[in-house]
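One structure is given here, and the rest of the page talks about it.
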Amino acid sequence: MRVSDTLSGGRPVRIAFTSALVAALLAAPLTAVPTAAAADPPGVTRSYEVEAVGGVPSGCTTPAGKGAAVVSAERGVNASERSLVVNDVSASSHTVITCPLDPAPSTSLSFATYPASVPNGFLISLLGRWQGGASGVIYHLNVQSNGAMQWYDGTRWSPLAPAGTVQLATWNTFRIDGGALSAQIFVNDSLAGTANRAGTGGVLDLTGYQFASNGTVPQGDKVFFDDVRTTAGRGFESEPVDAVPTGCSTPAGKAAAVVSALRGNTGERSLRINDRATDRQTVISCPVVPQRGIDLRLAVYPVALAQGFQISLQGHMEGFTDQRLVFHIAVGADGSLRWYDGSYWTTVSPAGAVRIGAWNQIAVKVAADQEEAQVSVNGVRQSVGGPIGMRRVTDLTTFEVSSNGTVPTGDELFVDDISALPAPDVPAPGPVTVGAAVTVDSVTNDLLQMPHSAVNTGSEALVTYGAHPDVTASNGTRIATSADHGTTWRPEPSRNPMPNEQSYALSKLRNGDLLAVMYHTFMRTGNRSADVETKLSHDGGKTWGPVRIGAMTTPVNMKPISSTSSRPGRTMGGFVLVHSVVEDPDGTLYQSGYGYYDGDARYRQLLLRSTDGGLNWTTQSTIAYSATINGEGFCEAGLARTSDGALIAIMRTGSYLVMYQSRSTDNGKTWSTPTPMAATNGVPMTGVYPSLVLLPDNRLLLYYGRPGQSLAVSTDGTGTTWSPPTYVDYRNSANGSLIQTGPTTVLTFGDRGANWNLNKPPTSTIWSRTITLPPR
């Protein structure tokens with residue numbers, strides 16, 4: 001049953017009732033029929049703006065032996081620039097286009113048409129299936145050269161509306177409400193008349209529409225069509241049991257999902273996905289009108305989920321001509337939701353979000369910018385996910401529903417009442433407001449990536465980022481400044497303190513100086529100390545003093561963090577230094593560093609301490625180390641003072657692995673046992689390169705990446721609990737930083753992918769976004 005077949009209270013209306021109502025209306029006097037069209041039912045509009053000029057629109061066909069109707073840039077209705085043109089220039093065939101509809105017993109087709117030249121007229125038809133299964137024209141309309149209209153009963157043409165009903169050389173609006181017995185035709189918002197069927201048999205369903213010029217030999221008809229709007233929503237009541245639904249397909253090498261009479265959501269049939277094959281997934285693939293954004297709704301009844309099921313959106317990405325997977329969402333066996341960024345599946349909702357053994361109403365909403373897919377289950381927003389890879393999504397053309405995985409078996413679910421509506425207005429997921437991306441710097445066919453550090457001088461924002469591949473033996477950095485809180489940016493190479501190094505971290509000290517600490521350290525003789533290079537600026541980073549070479553010392557021997565080095569002839573130190581420093585009122589500085597002591601099997605996370613302005617560093621403590629923890633080990637710790645005065649460390653353990661946190665109440669001498677992080681909804685917090693900022697109102701902010709870049713909030717500022725994350729940006733390497741710019745605002749930074757990212761665009765970009773939190 002169609003989604004639109006509901007009463008005002010939402011209760012489903014059975015098809016039999018709808019047909020009886022149509023019959024009753026037809027039996028009433030003509031004066032009882034309203035003269036204006038009722039409100040449009042839910043539907044999807046095809047405007048051709050994302051379709052190739054000169055091509056037949058996606059999903060539509062040209063019947064054999066006919067001339068092709070194609071997308072044109074000659075004119076469009078309202079503010080659009082493209083439309084479909086039926087242009088008959090042949091004396092041996094007329095020009096025809098046939099397009100599918102979701103099969104339904106009734107439908108509403110509306111469109112705008114501009115008859116530029118109609119010496120013969122043009123034809124409009126609704127196609128479908130008769131009882132017994134034969135396909136053909138169900139309703140057949142003729143617009144004549146004088147603007148009059150006719151309808152065809154299968155034998156002869158009969159008048160429908162007088163001359164001038166359809167105006168020439170201007171845009172007209174049409175709406176055809178077709179049912180089992182007749183179709184009401186509205187032109188320019190007024191009822192033009194009622195057409196009967198083009199035959200005497202019973203109508204099973206309506207499955208398509210057709211626009212055509214008038215006649216085979218005559219030529220000269222040129223008509224434009226735009227904003228073709230069709231009723232959205234398909235049940236499977238008229239579809240043959242055990243068949244793949246009309247218009248959908250089974251991808252090559254996959255098992256078929258078929259119509260079933262075992263259960264239905266609002267009717268008696270639905271689509272069954274029953275995975276019993278050990279060498280293939282069970283998949284259904286259904287096209288949608290090419291569009292920017294989508295509001296995909298479906299009812300799903302999971303009978304058994306051994307592995308889960310997947311909902312996918314296909315379309316096109318910037319720079320690629322082929323249709324490909326662009327959004328990929330999965331429901332796990334426990335009813336949790338996950339999304340795939342092209343490299344890894346990330347859990348984004350708690351277990352039980354989707355109920356097993358019950359009907360669930362699932363909505364996948366993608367706004368017109370196509371940057372994010374929000375997923376709601378039974379009216380509750382559960383999760384979000386981004387596109388696959390780094391490229392911008394240009395359109396959406398197909399949705400797929402499938403079992404989960406090729407080899408596993410045992411997934412069985414039913415799907416019903418599917419609708420693919422136009423792009424919705426997708427509200428922000430919570431009170432945190434994420435601003436638009438502002439370009440900091442960009443370069444084509446070269447690298448800019450990983451804005452690891454930024455600082456607010458009080459009068460400017462500075463951000464530094466890499467201009468080299470993400471490998472140890474590579475160098476090159478850039479710096480950019482903004483004097484308007486990130487509204488505009490200017491690269492300033494002359495102000496870069498370390499342009500030929502791999503990376504460095506910026507900090508503003510209490511005395512107003514800026515401190516730049518180099519990322520790499522270089523081993524000294526004996527392996528218990530390593531060179532640390534720093535620079536100071538006394539004028540907000542406009543100029544920098546000479547390189548200072550100090551030392552970091554450790555209580556035991558270090559082993560080099562890498563066998564290669566960014567400085568020829570020097571051995572890498574055991575640790576690299578990351579993030580801005582934390583400064584005490586007495587000037588003591590604390591620095592995060594991670595790497596290896598001799599004999600370590602995983603990364604070790606250290607806290608370093610300096611009492612001479614960052615020149616020399618001693619080891620205050622090991623924050624965390626485990627030889628057996630899954631992944632790389634504890635590393636990349638972001639440090640901050642909490643609202644209660646403690647030190648907190650948030651640590652990476654590996655790519656796409658859960659982060660851990662630890663606290664110290666004695667200035668970093670000792671630390672609590674690291675604990676894995678989860679948001680207040682129970683979802684694990686996975687990520688890399690975590691950065692922390694404590695706001696003046698004592699809310700602690702955590703910015704981290706992979707997948708995408710996210711912001712979580714500790715409302716009490718202690719880090720004891722964390723809000724579910726707000727996704728800031730999806731298409732990036734997940735290496736970024738943030739700085740405070742106001743009482744409730746921060747600037748966040750990211751890139752458009754590193755050299756190793758999937759589908760990285762040829763233009764490398766560093767961006768900033770302003771994030772605003774509501775007042776406390």
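The values are calculated or read from the model by the stated rules, or taken from the named source; none is laboratory data. In this text, all values refer to a predicted model and were calculated from it rather than measured experimentally. Note that we place each Cβ from the backbone using ideal geometry, even for glycine, and neighbour counts take in every protein chain shown.
Would you point out which residue out of T748, T721 is of a type in the set (V, I, T) and surrounded by fewer than 24 Cβ atoms within 10 Å (Cβ to Cβ)?
T721
Find the strands (runs of 3 or more DSSP E) located wholly in the range 474-520 whose residues include 2 or more that are closer than 15 Å to S453 by Cα, out of contact with any Ser or Thr (no Cβ under 6 Å at 6 or more places or on another chain) and without any contact (Cβ under 8 Å) to a residue 12 or more places away in the chain, and list them.
No strands (runs of 3 or more DSSP E) qualify here.
Considering the range 408-463 alone, what residues qualify as being of a type in the set (S, T, Y), over 17 Å from Y703 (Cα atoms) and modelled with pLDDT of 95 or more?
Once the filter is applied, which keeps residues that are of a type in the set (S, T, Y), over 17 Å from Y703 (Cα atoms) and modelled with pLDDT of 95 or more, the range 408-463 yields T439, S442, T444, T457, S459.
Report yes if some residue within the range 526-542 is closer than 21 Å to L606 by Cβ, of a type in the set (S, T, N, Q) and in a strand (DSSP E or B); otherwise report no.
yes
Inspect the range 377-387 for any residue being among the small types (G, A, S) and part of a strand (DSSP E or B) and give the result as yes or no.
yes
Need pairs with beta-carbon distance below 7 Å; first residue in contact (Cβ under 8 Å) with a residue 40 or more places away in the chain and among the small types (G, A, S) and within the range 403-418, second buried (at least 23 other Cβ atoms within 10 Å of the Cβ) and part of a loop (DSSP other than H, G, I, E, B); sequence gap 6+ or separate chains.
S403/D275; S403/Q281; S403/D411; G405/Q281; G410/D275
State all residues of the range 306-356 that are of a type in the set (S, T, Y), buried (at least 16 other Cβ atoms within 10 Å of the Cβ) and in a loop (DSSP other than H, G, I, E, B); if no residue qualifies, say none.
S336, S349, listed by residue number.
For the structure I just gave you, tell me whether G357 is in contact with a Pro (Cβ under 9 Å, 6 or more places away or on another chain) and farther than 21 Å from T409 by Cα. Outline the logic, then answer.
Working: in contact with a Pro (Cβ under 9 Å, 6 or more places away or on another chain): yes; farther than 21 Å from T409 by Cα: no.
Against the criterion (in contact with a Pro (Cβ under 9 Å, 6 or more places away or on another chain) and farther than 21 Å from T409 by Cα), G357 does not qualify.
Is it fair to say A637 is buried (at least 24 other Cβ atoms within 10 Å of the Cβ) and at pLDDT 95 or above?
yes
For residues that are part of a loop (DSSP other than H, G, I, E, B) and of a type in the set (S, T, N, Q), scanning just the range 74-92, find the one that is nearest to V217 (Cα to Cα).
S92
Evaluate the following for G599: is it free of Cβ contacts under 8 Å to residues at least 40 places away in the same chain and assigned to a loop (DSSP other than H, G, I, E, B)?
no
Inside the range 602-621, can you point out the residues that are assigned to a strand (DSSP E or B) and farther than 25 Å from V693 by Cβ?
Within the range 602-621, R604, T618, T619 qualify.
Exactly one condition in (1) buried (at least 19 other Cβ atoms within 10 Å of the Cβ); (2) more than 20 Å from N456 (Cα to Cα); (3) of a type outside the set (S, T, Y); (4) over 24 Å from the mean Cα position of the chain (by Cα) is false for L692; which is it?
(2)
Quick test for you: out of L515, L606, L536, L506, pick the one residue that is buried (at least 20 other Cβ atoms within 10 Å of the Cβ) and touching a Phe, Trp or Tyr at 6+ places or on another chain (Cβ under 9 Å). First the steps, then the outcome.
On the way: L515 fails: touching a Phe, Trp or Tyr at 6+ places or on another chain (Cβ under 9 Å); L536 fails: buried (at least 20 other Cβ atoms within 10 Å of the Cβ); L506 fails: touching a Phe, Trp or Tyr at 6+ places or on another chain (Cβ under 9 Å).
None of the other options fit; the residue is L606.
Quickly run through the range 64-87 and pick out the residues that are more than 15 Å from A169 (Cα to Cα), of a type in the set (K, R) and within 34 Å of the chain's Cα centre (by Cα).
Across the range 64-87, the qualifying residue is only R82.
Could you identify the single residue in M558, M572 that is of a type in the set (A, V, I, L, M), surrounded by 13 or more Cβ atoms within 10 Å (Cβ to Cβ) and touching a Pro at 6+ places or on another chain (Cβ under 8 Å)?
Criteria check complete, one pass: M572.
May I ask you to verify whether V288 is part of a strand (DSSP E or B), β-branched (V, I, T) and within 25 Å of the chain's Cα centre (by Cα)?
yes
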